[in-house]
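The values are calculated or read from the model by the stated rules, or taken from the named source; none is laboratory data. Small disclaimer: the values here were computed from a predicted structure and weren't measured. Note that we place each Cβ from the backbone using ideal geometry, even for glycine, and neighbour counts take in every protein chain shown. With ligands, DNA and RNA removed, areas are computed over all heavy atoms of the protein, side chains included. Shrake-Rupley method; radii C 1.70, N 1.55, O 1.52, S 1.80 Å.
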Amino acid sequence: MHAWRFAGLLVVFTVSSSAHAFTLSSLVSTGCHEEITETALRSVRATLTTANTITPTEDERALIADLPFTLDADMQDLASASLLVGVRDNDLKGRSPAALDQLAAVHGNPNAQEEHCLRAPEDDEPGGSAAAIARCSSFIHDRAMSALDGLDGSGVPDPNIRDDIAVSLSLRGGVTAPLPAFWVRIGQAMHTLEDAFAHTYRTPDGMAITVVLNWVDLVDKQLDETRDGPSHKVDLDKCNAGDTVRSRNKALAIEASTSLLETTLDPTLTRAQKSDAVNVLLAKYLAYFPGCTSDNAWCSAAENTYTATGGCGCNLAGIHGSSLATLAFGAFVVIAIARKRRRNAAAGALFLVLVASPARADEQVEAKKEAVHQDHPFAIAATFDGSIIDPAAAASLGVRFRVNDRIVLGLDAELNAWYGVNNGRFELGAASLYATGIYRFPMRFERVNLRTTINIGASYELLSLYGVPSGSVGFFVGAYPLGIEWRLSGRVFIIFNPLGVGIPIPHLTGVPFAYPQFRTQLGVEIAF
C-alpha cells in the first residue's frame, strides 16, 4: 500500500498543485505567494528600520536550509524565513507540499475557508459574497492585531517572542519550531490578503470584489453557481501568466501586502491607530461591488474566461523537464513493483523449490565451487544503492570472509546522500560502518545463487539538520531479504538485491531522527 500511495502521489503531482491560493513554491509549481511576499518585504525594508533581519542560530540556519522551498539570497535570515513559513501555513498546516491526501482535508475544512478568502458552505446568494468578504477581512485584521503582540516597546519585532509552528522540512521531516511570533502571524494575514485577489472576481480596475469564489461546494459536488457563486479556478492562482487580469491581481497583491507590512511596522503609530489603518486598507482592497449575479454573468466578468476549475491543475511551466521525467520514471518503477509483488512472490517461491539447494548438484560443479571458496575465502565488495521513497543514493566498500558455502561475514563503510524533493537539495547525509551477514542459498546452476543479507552497525550524521547536529552518532540497520549472486568469472561476482531497506538512525537524543530508505542495490565482489 505504501508503494501504491507513493506512486499515486507522483502521478497526481505531475498534474496537480495546491487547491487553494496563489501557487506555493513546490516541485511542480512556481511560488507566487513567496514571490509576492518577498517583493513586499524588500520594499518595506527599504523604508522602515523596524522591518529588521534576525540572525539565525546554527540550528535555525539548518532549519532555513531545509525548508521545502528555496529562499532568495537576501531572505536567508530568520525573520524572512519565518514570514514565508507563516504565509505558507494557511495552505499546509505543517504538512508536506507532497502530502496531497492530507492537504485535501486542510483545504476542504469548511470552517477555515476565510483563511483563503473563499466562501463557507453557508455563504449562499444573495449576500454570500458580502458575508465571505466580511469573514475574510475579520481574519486578516485579527491576525494582524495578534502580530502586534510580537513587537517590543519600540515597535520592532521581538526575536524572543515565539510561536511554536509545525513545519514539514525537506529532509528532516515534520518538526515543531519556535519562530518569531510577529513574522509568523503577519505572514498568515498576508496569505489571506493575497488570496483575496486570486479567489474573487473583481471590477475592471481590480479595486472592488464583485463575487467570491467557492471551493467547498465544488469538491462536495453540490455547486449551484446561481446559489453558491462561481467555482474556484486554478488558472487564477497562476500569477505569472502575463495576461491583463492575472498581472493586475499580482500587482495589487504586492501593493496590498506591502501596505499591510508598512502599517503594522510603522513605529509612529499606536496600536489603535494601526488597527484603524488596517481597517482602512481592507476597505480599500476588499470593497464589495453589489449587483453582480449569475444572471448577468457576474457583471460580464473577464474572469469567466478562465475555465480550469477545482484543484487539479498546475503551473507546468514551473516543472523542469528533468523533474518531470524523474517523476514519470519513479511512478513507473513503483507501480511495476507494486503490481508484480504478489505474482513475483509466488514465482520466487516456485523458483526456489525447483532450483535451490540443498540440491543434489553435479559433484564436479560442487567441487569447483568448493575449490573457489577454499582457495579464495576473502573478497572485496563494492555496492551502490538507490532509493525512490525518501530519495537517496548510497555507496559502500567492504570486505567479505566466506565461512563456508552458506555463511559469509563482512564489514562495510558507507556514504549515504539524501535528496530533498521539494527544494532540490542533494547532500551527504550520513556515514555508516556496519557488520554484514549473508546467508547463501546454493543453486543447481553453477553461476547463480540466492542470498539474504543483514546489516547492523553505527551511523554518523554528516549534515546539520534542525535538531540534528552534525556529528551525532546512532545506529544503522539494513536488510535485503532476497538477492541474486551471479559469478561473472572465476573470482568476480555481480550482486543484485532488487528490494531492501537501509535505515540510518544517526540521532538518538531529544527527538530521534531516522532516514529510512527502500533500496535497490547493485554490487560487485572480487575474491582473493
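Within the set of pairs 6+ apart or on separate chains, which have a first residue in the range 141-158 that is over 21 Å from T47 (Cβ atoms) and touching a residue at least 24 places away in the same chain (Cβ under 8 Å), a second that is of a type in the set (A, V, I, L, M) and crowded, with 19+ Cβ neighbours inside 10 Å, and C-beta atoms under 6 Å apart?
Within 6 Å, the pairs are H141/V278; R143/A189.
Restrict the check to the range 119-130 and report whether at least one residue is surrounded by fewer than 18 Cβ atoms within 10 Å (Cβ to Cβ) and touching a strand residue (DSSP E or B) at 6+ places or on another chain (Cβ under 6 Å).
Within the range 119-130 (the criterion being surrounded by fewer than 18 Cβ atoms within 10 Å (Cβ to Cβ) and touching a strand residue (DSSP E or B) at 6+ places or on another chain (Cβ under 6 Å)), the answer is yes, since at least one residue qualifies.
Just name the residue that is modelled with the highest pLDDT out of those in the range 379-405 that are under 22 Å from F445 (Cα atoms) and open to solvent by 60 Å² or more (accessible area, probe 1.4 Å).
Result: V403.
Output yes when any residue across the range 230-241 is over 26 Å from the mean Cα position of the chain (by Cα), among the charged types (D, E, K, R) and open to solvent by less than 40 Å² (accessible area, probe 1.4 Å), and no when none is. Let's see the steps before the verdict.
Going residue by residue through the range 230-241, those that are over 26 Å from the mean Cα position of the chain (by Cα) are 230-231.
Narrowing further to those that are among the charged types (D, E, K, R): none.
Checked against the condition, which is being over 26 Å from the mean Cα position of the chain (by Cα), among the charged types (D, E, K, R) and open to solvent by less than 40 Å² (accessible area, probe 1.4 Å), the range 230-241 yields no hits at all.
Considering every residue within the range 65-77, establish whether at least one is buried (at least 20 other Cβ atoms within 10 Å of the Cβ), more than 24 Å from L236 (Cα to Cα) and polar (S, T, N, Q).
There is no residue in the range 65-77 that is buried (at least 20 other Cβ atoms within 10 Å of the Cβ), more than 24 Å from L236 (Cα to Cα) and polar (S, T, N, Q).
Can you pull out every residue in the range 64-111 that is assigned to a helix (DSSP H, G or I), within 15 Å of R185 (Cα to Cα) and of a type in the set (D, E, K, R)?
The answer is R88, D89, D91.
Does E114 satisfy the criteria of being more than 17 Å from D163 (Cα to Cα) and either at pLDDT 90 or above or among the acidic types (D, E) (or both)?
For E114, the condition - more than 17 Å from D163 (Cα to Cα) and either at pLDDT 90 or above or among the acidic types (D, E) (or both) - is met.
Assuming P267 fulfils every condition listed in (1) surrounded by fewer than 17 Cβ atoms within 10 Å (Cβ to Cβ); (2) touching an Asp or Glu at 6+ places or on another chain (Cβ under 7 Å); (3) not in a helix (DSSP H, G or I); (4) not hydroxyl-bearing (S, T, Y) apart from one, which condition is it?
Here P267 meets the rest and fails (2).
Look through F518, F441 and report the one residue that is within 23 Å of P377 (Cα to Cα) and touching a Leu at 6+ places or on another chain (Cβ under 8 Å).
F441
Select from the range 428-444 the residues that are of a type outside the set (K, R) and at pLDDT below 95 and list them in ascending order.
Residues satisfying the conditions are F441, P442, M443.
Taking the criterion of being more than 20 Å from C136 (Cα to Cα), among the charged types (D, E, K, R) and either in contact with a Leu (Cβ under 7 Å, 6 or more places away or on another chain) or modelled with pLDDT of 70 or more (or both), would at least one residue in the range 63-73 satisfy it? Spell out the reasoning first.
Restricting attention to the range 63-73, the residues satisfying the condition of being more than 20 Å from C136 (Cα to Cα) are 63-73.
Next cut, among the charged types (D, E, K, R) only: 66, 72.
Okay, now just the ones that are also either in contact with a Leu (Cβ under 7 Å, 6 or more places away or on another chain) or modelled with pLDDT of 70 or more (or both), so 66, 72.
Yes.
Given (1) out of contact with any His (no Cβ under 9 Å at 6 or more places or on another chain); (2) outside any strand (DSSP E or B); (3) not aliphatic (A, V, I, L, M), identify the lone condition not met by G490.
Condition (1) is where G490 drops out.
Quick one: which of L171, L213 is surrounded by 21 or more Cβ atoms within 10 Å (Cβ to Cβ), within 24 Å of E35 (Cα to Cα) and under 26 Å from the mean Cα position of the chain (by Cα)?
Result of the check over L171, L213: L171.
Between a residue in the range 178-199 that is open to solvent by 10 Å² or more (accessible area, probe 1.4 Å) and any residue that is among the aromatic types (F, W, Y), which pairs come within a Cβ distance under 9 Å, given they are 6 or more apart or on different chains?
Partner pairs satisfying both residue conditions: Q188/F139.
What's the number of the condition Y439 fails, among (1) under 32 Å from the mean Cα position of the chain (by Cα); (2) touching a residue at least 24 places away in the same chain (Cβ under 8 Å)?
It is condition (1) that Y439 fails.
Among the residues of the range 180-196, is any touching a Leu at 6+ places or on another chain (Cβ under 7 Å), in a strand (DSSP E or B) and closer than 19 Å to I64 by Cβ?
yes
Yes or no: the range 95-104 includes at least one residue that is surrounded by 17 or more Cβ atoms within 10 Å (Cβ to Cβ) and at pLDDT 95 or above.
no
Any idea which of V106, V87 is of a type in the set (A, V, I, L, M) and without any contact (Cβ under 8 Å) to a residue 40 or more places away in the chain?
V106
Quick one: in the range 270-282, of everything that is in contact (Cβ under 8 Å) with a residue 24 or more places away in the chain and open to solvent by 30 Å² or more (accessible area, probe 1.4 Å), which residue is farthest from S146 (Cα to Cα)?
N279
Residues in the range 493-517 that are within 16 Å of A417 (Cβ to Cβ), part of a strand (DSSP E or B) and open to solvent by 10 Å² or more (accessible area, probe 1.4 Å): how many?
Final tally of qualifying residues: 1.
I'm trying to understand the selection: among the residues of the range 237-282, which are among the acidic types (D, E) and under 18 Å from P157 (Cβ atoms)?
Hits for the range 237-282 are E262, D266.
For residues that are in a strand (DSSP E or B) and among the charged types (D, E, K, R), scanning just the range 411-461, find the one that is most open to solvent (accessible area, probe 1.4 Å). Can you show your working first?
First, pick out the residues of the range 411-461 that are in a strand (DSSP E or B): 411-420, 425-441, 443, 448-461.
Those left that are additionally among the charged types (D, E, K, R): 412, 414, 425, 427, 440, 451, 461.
Numbers: D412: 4, E414: 8, R425: 30, E427: 69, R440: 4, R451: 6, E461: 0 Å².
Once the filter is applied, the top-ranked residue is E427.
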